[in-house]
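The values are calculated or read from the model by the stated rules, or taken from the named source; none is laboratory data. Note that this is a predicted model, so its numbers are computed, not measured. Heads up, the Cβs are rebuilt from the backbone with ideal geometry, glycines too, and the neighbour counts pull from every protein chain shown. For the accessible areas, the whole protein counts, side chains as well, though only heavy atoms, and no ligand, DNA or RNA atoms are used. Shrake-Rupley method; radii C 1.70, N 1.55, O 1.52, S 1.80 Å.
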Amino acid sequence: MNHTPSVSVRNIVLGEGIPKICIPLVSTCLDALLNDMKKALDHSADLIEWRGDWMDDILKKGYLEEILPAVRKAAGDTPLLFTFRTKKEGGNMAASLLQYKELVKRAICSGLVDLVDIELFSDKDTVNELIALAKEKNVKTILSNHDFFKTPSGNEIFSRLKQMEEAGADIAKIAVMPESTEDVLTLLSATCKAKKELTCPVITMSMAGTGLISRLSGEVFGSCLTFGAAGNISAPGQIDALKLRSVLHILHENS
């Protein structure tokens, strides 16, 4: 199968050309979030990820709806991804399954976010319910999995990405921790296979310094988006978004 799956979100197309740069915001209050948003836009973010699990009052009833209009306005026409990363996948805040599900549902129903992150290994019914709701509301879904301890086998990485595709994800994402340079090659090889065989774009990364090459070489191996920083990082191995863009352009011009 020779194709390049892509997903359009506002003014960007994920899966075409140079990998897009997403800048995650790990702010703890609204003022800090709006300030960090400005920095991210100054760093030419293609997409903004609001990491809700860092926001102090995010689980309080009505708080998401209270602040989202200001967050959306600050983002302008830059696509906004809402993520609540659970503790078991490296997130900052503990939440029950019900709290997680309700929060993501409220983000989807707000009409103010363009994409939501849904964790593959949440309760299966929860995953199915959230994906169906997102499709109904025309919100794109990133089905994700994060392993901060190791790198699974190439077959397992591909299998998880395939599960995401089969569950109806618009985009499939996996991030793993390398214990060796061979682990990075495993991730890149699985990415290459996924790009050729899946019908949705993929986002993959090998974390920490050892895996940095995977954040730079998406156009070569098939990852449609990479994460850069405009100050605070949300995962090991993220580098400054402006430096990241410079490298992506060098690789693009010579590929």
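Quick notes
- Euclidean distance between Cα centres, the stretch 12-56 to the stretch 145-193, Å: 23
- Here the chain is treated with +1 on each Lys and Arg Cβ and -1 on each Asp and Glu Cβ, and its dipole about the Cα centre works out to around 180 debye.
- Cα point-scatterer Debye curve for the stretch 170-255, base-10 log of I(q)/I(0) at q = 0.15 Å⁻¹: -0.52
- Folded to 0 to 90 degrees: helix 30-42 orientation relative to the chain principal axis, Cα: 40
- Dividing the mean sequence gap of close Cα pairs (under 8 Å, 6+ apart) by how many residues the stretch 35-135 holds gives a relative contact order of 27 percent.
- Annotation: extensible slack from ASP56 through LEU97 equals 12.9 nm (criterion: 0.36 nm per residue apart, minus Cα-Cα distance).
- The chain: angle of helix 63-75 to the longest principal axis, Cα-based, in degrees nearest 10: 50
- Taking a ≥ b ≥ c as the square roots of the eigenvalues of the Cα gyration tensor, an a/c ratio of 1.5 or more together with a/b larger than b/c marks the stretch 9-76 as prolate.
- When the chain is described by a simple charge dipole with +1 on each Lys and Arg Cβ and -1 on each Asp and Glu Cβ, the residue from GLY209, LEU33, ILE174 located farthest towards its positive end is LEU33.
- Heavy-atom accessible area with a 1.4 Å probe sorts LEU242, LEU251, largest first, into LEU242, LEU251.
- Percent accessible area from carbon and sulfur atoms, the stretch 121-239, protein chains only, probe 1.4 Å: 52
- Relative contact order (%) - the chain, alpha-carbon pairs under 8 angstrom, separation at least six: 21
- With q set to 0.15, 0.17, 0.18 Å⁻¹, the log10 of I(q)/I(0) for the chain, from the Debye formula over equal scatterers at the Cα positions, is -1.05, -1.40, -1.59.
- Sorting LYS101, LYS87 by solvent-accessible area of protein heavy atoms yields LYS87, LYS101, largest first, with a 1.4 Å probe.
- Taking the stretch 1-71 and dividing mean pair separation by its residue count, relative contact order in percent (alpha carbons under 8 Å, at least six apart): 28
- Cα-only Debye scattering, the stretch 55-168: base-10 log of I(q)/I(0) at q = 0.17 Å⁻¹: -0.87
- Greater than 32 Å apart at Cα, pairs in LYS150/LYS196; LYS101/LYS243; LYS20/LYS135; LYS60/LYS140: LYS101/LYS243
- Shape category assigned to the stretch 119-241 from the gyration tensor of Cα positions, a/c cut at 1.5: prolate
- The stretch 1-131: C-alpha gyration tensor shape, a/c 1.5 cut-off, then a/b vs b/c: oblate
- Rounded to the nearest 20 debye, dipole of the stretch 188-255 from Cβ charges on Lys, Arg, Asp, Glu: 100
- Accessible surface of the stretch 21-72, 1.4 Å probe, proportion on carbon and sulfur as whole %: 53
- Antiparallel beta bridges, as assigned by DSSP with both residues in the stretch 1-93, represent about 25 percent of the total such bridges.
- Overall Cα dimensions of the stretch 52-93 - principal axes, largest extent first, Å: 32, 23, 10
- Taken per residue, the accessible surface of the chain reaches 42 Å², heavy atoms only and a 1.4 Å probe.
- The GNM of the chain, with springs linking C-alpha atoms under 10 angstrom apart, assigns the highest mean-square fluctuation among PHE84, PHE149, PHE158 to PHE149.
- Relative protection proxy for 28-40, 55-67, 163-175, from highest mean packing down: 163-175, 28-40, 55-67 (other beta-carbon atoms within 10 angstrom).
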